[in-house]
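Student: My questions will all concern the structure given below.
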């Protein structure tokens, strides 16, 4: 990619088209990864996801709020070496305590099939304040953006 504008378009496209990411949280001993549905706002500076409040992920997020998430468009094919893009999202996550319905509605707009999950009483919504994106293409071209 030639310029920052083109890279941001690729980042925005990945975030719009992909529904799930691999979320990495920290525990006392090891990183912990899980698959989560996500929503990113128009400015691409906030990511929202939900988790039950009795999960390991929830405990990790409360104790160690720094996260990384991987969004990718890979097809699990040999063509991924030249065609796939991987986007690492780095930021700090906090449980949403205000305007919960507004954030839940935003999430549900991307994931209508997850409405029952998000509206479960013990489901907690988290917002990640995105600090940086790292886009990798062709397994070697790396572009980093600090927000």
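The values are calculated or read from the model by the stated rules, or taken from the named source; none is laboratory data. Source: prediction; values computed, not measured. Here the Cβ is made from the backbone with ideal geometry for all residues, glycine too, and neighbour counts use every protein chain on show.
Student: Select from segment 1-26 the residues that are in contact with a helix residue (DSSP H, G or I) (Cβ under 6 Å, 6 or more places away or on another chain) and either without any contact (Cβ under 8 Å) to a residue 12 or more places away in the chain or not in a strand (DSSP E or B) (or both) and list them in ascending order.
Tutor: 1
Student: Condition test on residue 131, is it modelled with pLDDT of 95 or more, within 14 Å of the chain's Cα centre (by Cα) and under 20 Å from residue 64 (Cβ atoms)? Explain how you work it out, then say what you get.
Tutor: Values: modelled with pLDDT of 95 or more: yes; within 14 Å of the chain's Cα centre (by Cα): yes; under 20 Å from residue 64 (Cβ atoms): yes.
When the stated conditions are applied, residue 131 passes them.
Student: Consider segment 104-136. How many of its residues are in contact with a strand residue (DSSP E or B) (Cβ under 8 Å, 6 or more places away or on another chain), surrounded by fewer than 16 Cβ atoms within 10 Å (Cβ to Cβ) and assigned to a loop (DSSP other than H, G, I, E, B)?
Tutor: Total meeting the criteria: 2.
Student: Residues of segment 71-103 being surrounded by 13 or more Cβ atoms within 10 Å (Cβ to Cβ), part of a helix (DSSP H, G or I) and either over 16 Å from the mean Cα position of the chain (by Cα) or without any contact (Cβ under 8 Å) to a residue 24 or more places away in the chain (or both), which ones?
Tutor: 80, 83, 100
Student: Looking at (1) touching a helix residue (DSSP H, G or I) at 6+ places or on another chain (Cβ under 6 Å); (2) surrounded by fewer than 17 Cβ atoms within 10 Å (Cβ to Cβ); (3) closer than 15 Å to residue 15 by Cβ, which is the only condition residue 139 fails?
Tutor: Against the list (1) touching a helix residue (DSSP H, G or I) at 6+ places or on another chain (Cβ under 6 Å); (2) surrounded by fewer than 17 Cβ atoms within 10 Å (Cβ to Cβ); (3) closer than 15 Å to residue 15 by Cβ, residue 139 comes up short only on (3).
Student: Could I ask something else about it? Given the conditions (1) closer than 21 Å to residue 23 by Cα; (2) modelled with pLDDT under 95, and given that residue 92 satisfies all but one, which numbered condition is not satisfied?
Tutor: (2)
Student: Would you point out which residue out of 11, 67 is within 16 Å of residue 125 (Cα to Cα) and surrounded by 15 or more Cβ atoms within 10 Å (Cβ to Cβ)?
Tutor: Just one listed residue meets the conditions, 67.
Student: Here is a further query. Going through segment 104-136 one residue at a time, which ones are touching a residue at least 60 places away in the same chain (Cβ under 8 Å), out of contact with any helix residue (DSSP H, G or I) (no Cβ under 9 Å at 6 or more places or on another chain) and more than 22 Å from residue 61 (Cβ to Cβ)?
Tutor: The one that is touching a residue at least 60 places away in the same chain (Cβ under 8 Å), out of contact with any helix residue (DSSP H, G or I) (no Cβ under 9 Å at 6 or more places or on another chain) and more than 22 Å from residue 61 (Cβ to Cβ): 109.
Student: Looking at 29, 59, which is the one that is in a helix (DSSP H, G or I) and either surrounded by fewer than 18 Cβ atoms within 10 Å (Cβ to Cβ) or in contact with a helix residue (DSSP H, G or I) (Cβ under 8 Å, 6 or more places away or on another chain) (or both)? Break it down stepwise before answering.
Tutor: Numbers: 29 fails: in a helix (DSSP H, G or I).
The conditions single out 59.
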